[in-house]
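The values are calculated or read from the model by the stated rules, or taken from the named source; none is laboratory data. Note that the coordinates shown come from a computational prediction; the quantities given were computed from them, not determined experimentally. A quick note on method: Cβ atoms are made from the backbone with ideal geometry, for glycine too, and the neighbour counts reach across all protein chains shown. Heavy atoms of the whole protein, side chains included, go into the accessibility calculation; ligands, DNA and RNA do not. Shrake-Rupley method; radii C 1.70, N 1.55, O 1.52, S 1.80 Å.
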Amino acid sequence: MKAILVRLTEAALLAALAGIPGCTRVQPFEFVTFELANGSLGQAYADTIRTAGAHGTVTMKVMCGQLPPGIGLRVSHHDGVLYGQPTRAGDFSFTVEARDSCPDQNPDIITQGFAITVDSL
């Protein structure tokens with residue numbers, strides 16, 4: 001009789017366990033970014049809203065408030081990427097909702113407030 005050795009990566013193991021009823025997460029789904037960089041009117045802007053503990057596809061959206069005009073939000077892996085060129089100076093506060101699609105039946109949803117100040121030149 002031959003022995004078979006199976007190696008699972010941590011991600012594969014967590015994905016397999018996510019489908020088991022009653023399975024608990026190794027790490028909670030949470031934001032790990034709490035402050036964002038300020039920007040300057042008409043200058044390129046980039047910052048990242050990082051999350052940890054996601055097991056599925058992460059989606060993000062602005063729930064209330066607004067991003068500075070000229071700034072967009074897209075998801076890359078499990079993080080939100082803010083990018084663009086601010087077209088208006090001022091203080092902008094907004095709340096981001098992040099949703100981890102795993103488990104599918106009851107996705108984890110978290111929210112966090114952020115602020116960006118755009119200075120005029």
Original post:
Magnitude of the Cβ-charge dipole of region 22-93, K/R +1 and D/E -1, about the Cα centre, nearest 20 debye?
Top reply: 200 debye
Subject >> By accessible area with a 1.4 Å probe, ligands and nucleic acids excluded, highest first: order of E97, E35 >> reply: E35, E97
Original post:
Taking H as built 1.01 Å from N, whose amide H comes closer than 5 Å to the amide H of H55, not counting residues under 5 places away?
Top reply: C102
